[in-house]
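The next block holds one structure in the form of structure tokens; read it before the comments.
The values are calculated or read from the model by the stated rules, or taken from the named source; none is laboratory data. The structure presented is a predicted model; accordingly, all values stated were derived computationally and were not measured. FYI the Cβ positions are ideal-geometry reconstructions off the backbone, even for glycines, and counts take in every protein chain you see. With ligands, DNA and RNA removed, areas are computed over all heavy atoms of the protein, side chains included. Shrake-Rupley method; radii C 1.70, N 1.55, O 1.52, S 1.80 Å.
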Amino acid sequence: MNESPDPLLDLLHLLDLEQIERDIFRGESRSALVPRVFGGQVAAQALVAAGRTVPADRGAHSLHSYFLRAGDPGAPIVYTVDRIRDGRSFTTRRVVAVQHGQPIFHLSASFQTHEEGMEHQAPMPAAPDPETLPTAAEMLPRYANRFSDPGVVDRLIEARQAVDLRYVDEPPFATVGEAREPRSQVWFRTNGKLADDPLLHVCLATYVSDMTLLDSVLLAHGRGGWTVGDVVGASLDHAMWFHRPFRADEWLLYDQESPSASGGRGLGQARIYTADGRLAITVIQEGVVRIPRG
């Protein structure tokens, strides 16, 4: 396993786009568990590009995005930002990510100045203390026999070196063949402290949000997932609403469920809470989830 001396620094470098023109940015890519760019990387980089064209006093409050084509991990990605609107309270940006002359991802993001207003939220569900749960490095080797490729465990651990992600219950690949309630919980935080830039924390949460959201779809059908090989799929769209301030270097509970699967697609929806119970983010994603043809 190729362990970086500072995986979090590598991830921050990945999100630190190069500006090549006024509203044009270039990002690096890196290999993922599947032979395409990880969707969370593209979404996070696109949000970085959008955020760098917005005044610092306007925080991201929502994003809506579509994955159009599989990204090539061996090539850079160019992000072009359109300044759709700059209003008194809200700023809107559209970002198109391009590789090899073709768009691979489209994002619309909205930013808002701070305002006081009405307050209510859904209560945080029960969950165990994250410090009592096993880390990826402790948990994943237990299930090495579930993967046809013996290198999957090392690649999964390597992919999660920058982010401490801990499952509350067993992940889909641990209970293949056993249909379960379509719900899943994970705790996550970065493996190291971050600067006090709110945009950075929002972008890192965006990155992590694509890691496990469709797990609940798999659980409902007793499927193990892409690494097991009993389903094939990809993200189709991804939407997030940022409700309250949070830090991605402090524990966040990702409470996920799937209300529907049909037509070769599965829907995941989730709420992300801070450890003290504040609802920070709502996430919805639909993905292609197909059973391979024999």
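Amide H contacts of SER260 (H built 1.01 Å from N, in plane; Pro and chain starts excluded): LEU267 sit under 5 Å, all sequence-distant by 5 or more or on other chains.
Backbone amide hydrogens, once placed in the peptide plane, bring VAL168 within less than 5 Å of GLN185, VAL186, TRP187, excluding anything fewer than 5 places away on its chain.
Under a 5 Å amide H cut-off, with hydrogens placed 1.01 Å from N, VAL228 pairs with nothing among residues at least 5 apart or on other chains. Using a 1.4 Å probe on the protein chains only, how many percent of the accessible area of the chain belongs to carbon and sulfur? C and S fraction of accessible area: 50 percent.
Per-residue SASA remark: TRP241, around 80 Å² accessible (1.4 Å probe; ligands, DNA and RNA not included). Residue ranking by accessible heavy-atom surface, 1.4 Å probe, largest first, among VAL232, VAL217, VAL78 comes out as VAL232, VAL78, VAL217.
Phi-derived couplings, Karplus 6.51 cos²θ - 1.76 cosθ + 1.60 at θ = phi - 60°, listed residue by residue for the range 150-167: x, x, 5, 4, 4, 5, 5, 5, 4, 5, 10, 5, 7, 10, 7, 10, 10, 6 Hz, with x used for Gly and Pro. Rounded to the nearest 10 degrees, the angle from helix 198-209 to the longest Cα principal axis of the chain is 30 degrees. Extension gain for GLU119-GLU250 works out to 44.9 nm (0.36 nm per residue, less the C-alpha to C-alpha distance). ARG189 sits with roughly 60 Å² accessible to a 1.4 Å probe, with DNA, RNA and ligands left out of the calculation.
The HN-Hα couplings worked out from phi for the range 36-41 by the Karplus form 6.51 cos²θ - 1.76 cosθ + 1.60 (θ = phi - 60°) are 7, 5, 4, x, x, 5 Hz, whole numbers, x standing for Gly and Pro.
The stretch between ASP86 and LEU9, if pulled fully straight at 0.36 nm per residue, gains 24.4 nm over its current Cα-Cα span. Only protein heavy atoms count here; under a 1.4 Å probe, GLU28 has an accessible surface of about 100 Å².
Between HIS64 and ALA137, how high is the FRET efficiency from 1/(1 + (r/R0)^6) when r is the Cβ-Cβ distance and R₀ = 22 Å? Nearest 0.05.
E between HIS64 and ALA137, to the nearest 0.05, is 0.05.
Using the heavy atoms of the protein chains and a 1.4 angstrom probe, tell me the accessible area per residue for the range 160-286 in square angstrom.
Per residue, the range 160-286 has an accessible area of 36 Å².
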